Amino acid sequence: LNVIKMLSHKSWQLKKETLIAVYNALVGSVLNYSSFMSSQLSESSHKTIQAIQNNAIRAIFKQRYDDHVSTEARAGMSGLVPVRTRWFELNERFLAKALVNENELIVDLFGSFKRSFQSRSLDKITLLCEHLHLLS
(Lines give C-alpha, C1' and ligand atoms only; values in the text may rest on other atoms or scores of the structure.)
Protein backbone atom coordinates (compact mmCIF):
# COMPACT_ATOMS: atom_id res chain seq x y z
CA LEU A 1 0.00 0.00 0.00
CA ASN A 2 2.88 2.35 0.75
CA VAL A 3 4.38 1.62 -2.68
CA ILE A 4 1.10 2.62 -4.30
CA LYS A 5 0.97 5.79 -2.22
CA MET A 6 4.51 6.63 -3.28
CA LEU A 7 3.93 5.89 -6.96
CA SER A 8 0.71 7.91 -7.01
CA HIS A 9 2.65 11.12 -6.29
CA LYS A 10 2.49 13.53 -9.21
CA SER A 11 6.27 13.45 -9.70
CA TRP A 12 5.99 9.89 -11.04
CA GLN A 13 3.36 10.93 -13.62
CA LEU A 14 1.85 7.44 -13.77
CA LYS A 15 -1.59 6.85 -15.26
CA LYS A 16 -4.38 5.64 -13.02
CA GLU A 17 -4.60 2.42 -15.03
CA THR A 18 -0.94 1.70 -14.28
CA LEU A 19 -1.47 2.32 -10.57
CA ILE A 20 -4.49 0.02 -10.55
CA ALA A 21 -2.36 -2.66 -12.24
CA VAL A 22 0.27 -2.18 -9.51
CA TYR A 23 -2.48 -2.56 -6.88
CA ASN A 24 -3.72 -5.76 -8.54
CA ALA A 25 -0.19 -7.17 -8.69
CA LEU A 26 0.92 -6.28 -5.17
CA VAL A 27 -2.22 -6.27 -3.06
CA GLY A 28 -5.02 -7.79 -5.12
CA SER A 29 -3.11 -11.01 -5.78
CA VAL A 30 -2.59 -11.58 -2.05
CA LEU A 31 -6.28 -10.94 -1.38
CA ASN A 32 -7.34 -13.22 -4.24
CA TYR A 33 -5.28 -16.10 -2.87
CA SER A 34 -7.05 -15.60 0.46
CA SER A 35 -10.53 -16.00 -1.01
CA PHE A 36 -11.15 -19.44 0.54
CA MET A 37 -10.94 -17.91 3.99
CA SER A 38 -13.66 -15.36 3.30
CA SER A 39 -16.48 -17.30 4.93
CA GLN A 40 -14.46 -17.71 8.14
CA LEU A 41 -13.61 -14.04 8.63
CA SER A 42 -15.50 -11.83 11.02
CA GLU A 43 -17.34 -8.76 9.82
CA SER A 44 -14.68 -6.50 11.32
CA SER A 45 -11.96 -8.40 9.43
CA HIS A 46 -13.90 -7.96 6.19
CA LYS A 47 -14.14 -4.23 6.87
CA THR A 48 -10.43 -3.99 7.60
CA ILE A 49 -9.54 -5.75 4.35
CA GLN A 50 -11.97 -3.58 2.38
CA ALA A 51 -10.36 -0.53 3.97
CA ILE A 52 -7.03 -1.57 2.44
CA GLN A 53 -8.58 -1.50 -1.01
CA ASN A 54 -10.33 1.79 -0.27
CA ASN A 55 -7.03 3.35 0.86
CA ALA A 56 -5.34 2.25 -2.34
CA ILE A 57 -8.15 3.76 -4.42
CA ARG A 58 -7.92 6.99 -2.42
CA ALA A 59 -4.20 7.19 -3.14
CA ILE A 60 -4.61 6.39 -6.84
CA PHE A 61 -7.39 8.93 -7.38
CA LYS A 62 -5.89 11.47 -4.95
CA GLN A 63 -8.95 11.61 -2.72
CA ARG A 64 -8.88 13.07 0.74
CA TYR A 65 -9.21 10.75 3.71
CA ASP A 66 -12.16 12.67 5.10
CA ASP A 67 -14.22 12.23 1.91
CA HIS A 68 -17.13 9.97 2.66
CA VAL A 69 -17.44 8.00 -0.55
CA SER A 70 -19.07 4.57 -0.45
CA THR A 71 -17.17 1.40 -1.28
CA GLU A 72 -19.43 0.87 -4.29
CA ALA A 73 -18.69 4.36 -5.61
CA ARG A 74 -14.96 3.78 -5.19
CA ALA A 75 -15.26 0.45 -6.96
CA GLY A 76 -17.15 2.12 -9.80
CA MET A 77 -14.54 4.81 -10.34
CA SER A 78 -11.62 2.38 -10.22
CA GLY A 79 -13.10 -0.63 -11.96
CA LEU A 80 -12.20 -2.75 -8.94
CA VAL A 81 -14.84 -5.00 -7.44
CA PRO A 82 -15.36 -4.83 -3.65
CA VAL A 83 -13.24 -7.49 -1.94
CA ARG A 84 -16.13 -9.57 -0.62
CA THR A 85 -17.77 -9.67 -4.05
CA ARG A 86 -14.46 -10.58 -5.69
CA TRP A 87 -13.92 -13.43 -3.22
CA PHE A 88 -17.42 -14.77 -3.81
CA GLU A 89 -16.87 -14.72 -7.59
CA LEU A 90 -13.49 -16.47 -7.32
CA ASN A 91 -14.87 -19.20 -5.05
CA GLU A 92 -17.91 -19.65 -7.27
CA ARG A 93 -15.76 -20.00 -10.38
CA PHE A 94 -13.36 -22.45 -8.72
CA LEU A 95 -16.10 -24.70 -7.34
CA ALA A 96 -18.13 -24.61 -10.58
CA LYS A 97 -15.08 -25.64 -12.62
CA ALA A 98 -14.23 -28.37 -10.13
CA LEU A 99 -17.76 -29.78 -10.40
CA VAL A 100 -17.85 -29.54 -14.21
CA ASN A 101 -14.46 -31.27 -14.44
CA GLU A 102 -15.65 -33.83 -11.89
CA ASN A 103 -12.85 -33.20 -9.42
CA GLU A 104 -13.32 -36.15 -7.08
CA LEU A 105 -12.41 -34.31 -3.91
CA ILE A 106 -14.79 -31.41 -4.53
CA VAL A 107 -17.63 -33.65 -5.75
CA ASP A 108 -17.25 -35.88 -2.66
CA LEU A 109 -17.02 -32.85 -0.40
CA PHE A 110 -20.21 -31.34 -1.81
CA GLY A 111 -21.99 -34.71 -1.67
CA SER A 112 -21.04 -35.28 1.96
CA PHE A 113 -22.00 -31.75 2.86
CA LYS A 114 -25.38 -32.06 1.18
CA ARG A 115 -26.14 -35.40 2.84
CA SER A 116 -24.93 -34.42 6.30
CA PHE A 117 -25.68 -30.77 6.84
CA GLN A 118 -28.40 -29.59 4.51
CA SER A 119 -31.19 -30.49 6.92
CA ARG A 120 -29.42 -28.93 9.91
CA SER A 121 -29.26 -25.27 10.73
CA LEU A 122 -25.70 -24.04 10.91
CA ASP A 123 -24.54 -21.25 13.18
CA LYS A 124 -21.77 -20.23 10.79
CA ILE A 125 -22.10 -19.96 7.03
CA THR A 126 -19.37 -21.97 5.32
CA LEU A 127 -17.89 -21.79 1.85
CA LEU A 128 -20.02 -24.75 0.79
CA CYS A 129 -23.19 -23.15 2.19
CA GLU A 130 -22.62 -20.09 0.03
CA HIS A 131 -22.27 -22.15 -3.14
CA LEU A 132 -24.64 -25.08 -2.52
CA HIS A 133 -26.78 -23.91 -5.44
CA LEU A 134 -24.06 -25.21 -7.80
CA LEU A 135 -25.26 -28.77 -7.11
CA SER A 136 -28.68 -28.24 -8.68
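A compact table of results
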quantity	calculated
Residue among Ile106, Ile52 that alone is of a type in the set (Val, Ile, Thr), within 21 Å of Leu1 (Cα to Cα) and part of a helix (DSSP H, G or I)	Ile52
Residues located in segment 27-52, provided they are of a type in the set (A, V, I, L, M, F, W, C) and surrounded by 14 or more Cβ atoms within 10 Å (Cβ to Cβ)	Val27, Leu31, Leu41, Ile49, Ile52
Failed criterion for Asn101 (all others in (1) within 25 Å of Leu134 (Cα to Cα); (2) surrounded by 11 or more Cβ atoms within 10 Å (Cβ to Cβ) hold)	(2)
Enumeration of residues in segment 21-63 that are aromatic (Phe, Trp, Tyr) and under 30 Å from Leu132 (Cα atoms)	Tyr33, Phe36
Filter pass, Arg64 being charged (D, E, K, R), part of a helix (DSSP H, G or I) and either under 18 Å from Val22 (Cα atoms) or open to solvent by 50 Å² or more (accessible area, probe 1.4 Å) (or both)	no
Criterion: more than 27 Å from Leu128 (Cβ to Cβ) and either part of a helix (DSSP H, G or I) or open to solvent by less than 30 Å² (accessible area, probe 1.4 Å) (or both) - qualifying residue of Thr85, Thr18	Thr18
Residue match in segment 123-131 (condition: of a type in the set (Lys, Arg), more than 26 Å from Val3 (Cβ to Cβ), open to solvent by 50 Å² or more (accessible area, probe 1.4 Å) and part of a helix (DSSP H, G or I))	no
Unmet requirement for Ala96, which otherwise passes all of (1) over 30 Å from Thr18 (Cβ atoms); (2) at pLDDT below 90	(2)
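The values are calculated or read from the model by the stated rules, or taken from the named source; none is laboratory data. This one's a predicted model, so the numbers in the text were calculated from it and none came from an experiment. Every residue, glycine among them, receives a Cβ derived from its backbone with ideal geometry; neighbour counts consider all protein chains shown. Protein only, heavy atoms only, side chains kept; ligands, DNA and RNA dropped before computing areas. Shrake-Rupley method; radii C 1.70, N 1.55, O 1.52, S 1.80 Å.
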